[in-house]
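I am attaching a structure below and will ask some questions about it afterwards.
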Amino acid sequence: MRKPIVAGNWKMNKTVADAVTLVSDLKLDLADLLGVDIVVCPPFTALKSVVDTVSGSRIYVGAQNMHWEKSGAFTGEISAEMLREIYVHYVILGHSERRQYFGETDEIVNKKTKAAHAANLKPIVCVGETLAEREGGNTFAVIEKQVRGSLNGLTKMELTNTIVAYEPVWAIGTGKTATTAQAQEVHAHIRKLLAAISDDTTAQSVRIQYGGSVKASNAKELFSQPDIDGGLIGGASLEPRSFIEIVKAALK
Ligand code: 13P
């Protein structure tokens, strides 16, 4: 009943020209694909050109961050309204790199998540434990704190329109993927938490993506798990062939 969703997080990569080339290649293969939601998240500088390039296809565009205020004296920031104005539909929030290098807390992620919904942007809210937290046996506690904190106070409708991305920090860019069993276990835990903060029907409607060294070779097995509804792809989304294969691996 949940439509899988695969998103490419390009991080701080691609010039405008390279972004347009990549997304033009994706469009050739994926323009009419049904059965999976496809999102690309280029850097801010390439958003408008990528939106123009995917026009008329089923590929959606997301940003990698935003501020929670609508406008004002916030040098260097971009608001949800500004993203909506150029037909961006998704936004990644609380990625572990933002939490780690830019001091984003659950409280900040929560404010951004609410602001995204207020502007009709779909947030992809990232959670995940570090290696030390996993080895210390704290994975579930860390995930619970992040899920409850980041999604605090959302309505059931807003929760349904939120995508949660489980990205174990130790699996990001390291080539170390969580085993399917490890990933499914945390995804099921997240869904249980969602039911606790809303209700079972709402929890069943929320898409939960896995992220962390997803490749064409491991995507199918990960996406076949009952609580894994697609992926958030870093490195493998920078090259058309691998991203296209990963998107197709999410087809039921
Ligand atoms: P990699 O796919 O490069 O491990 O990155 C995952 C990620 O951080 C996506 O947001």
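Contour minus end-to-end for residue 138 and residue 107, with contour as 0.36 nm per residue of separation and end-to-end as the Cα-Cα distance? Don't skip to the answer; put the middle values down first.
Numbers: separation 31, 0.36 × 31 = 11.16 nm, distance 2.03 nm.
Gain on stretching residue 138 to residue 107: 9.1 nm.
Tell me the per residue accessible area of region 19-136 using a 1.4 Å probe; a whole number in Å² is fine.
Details: 5430 Å² over 118 residues.
In whole numbers, region 19-136 has 46 Å² accessible per residue.
For a quick check: with amide H placed at 1.01 Å from N, whose amide H comes under 5 Å from residue 37's, ignoring anything fewer than 5 positions away on the same chain?
The list, which skips near neighbours in sequence, is 5, 6.
How much of the accessible area of the chain, probe 1.4 Å, is carbon plus sulfur, in whole percent?
Roughly 54 percent of what the probe reaches on the chain is carbon or sulfur.
Per DSSP H run of n ≥ 4, the term is -39500 (n - 2.57); total these for the chain, divide by its residue number, and report the mean residue ellipticity at 222 nm rounded to 500 deg cm²/dmol.
So the calculated ellipticity at 222 nm is -12500 deg cm²/dmol.
Per residue, how much accessible area does region 155-252 show when a 1.4 Å probe rolls over the protein heavy atoms, in square angstrom?
Numbers: 3750 Å² over 98 residues.
On a per-residue basis, region 155-252 sits at 38 Å².
Under the 0.36 nm per residue contour assumption, what length would be gained going from the current alpha-carbon distance of residue 155 and residue 32 to full extension? If you can, show how the numbers build up before the last one.
Numbers: separation 123, 0.36 × 123 = 44.28 nm, distance 3.24 nm.
Taking 0.36 nm per residue and subtracting the Cα distance, the gain is 41.0 nm.
The values are calculated or read from the model by the stated rules, or taken from the named source; none is laboratory data. Everything quoted here is computed from the prediction, not taken from an experiment. These area figures cover heavy atoms from the full protein model, side chains too; ligands, DNA and RNA do not enter into them. Shrake-Rupley method; radii C 1.70, N 1.55, O 1.52, S 1.80 Å.
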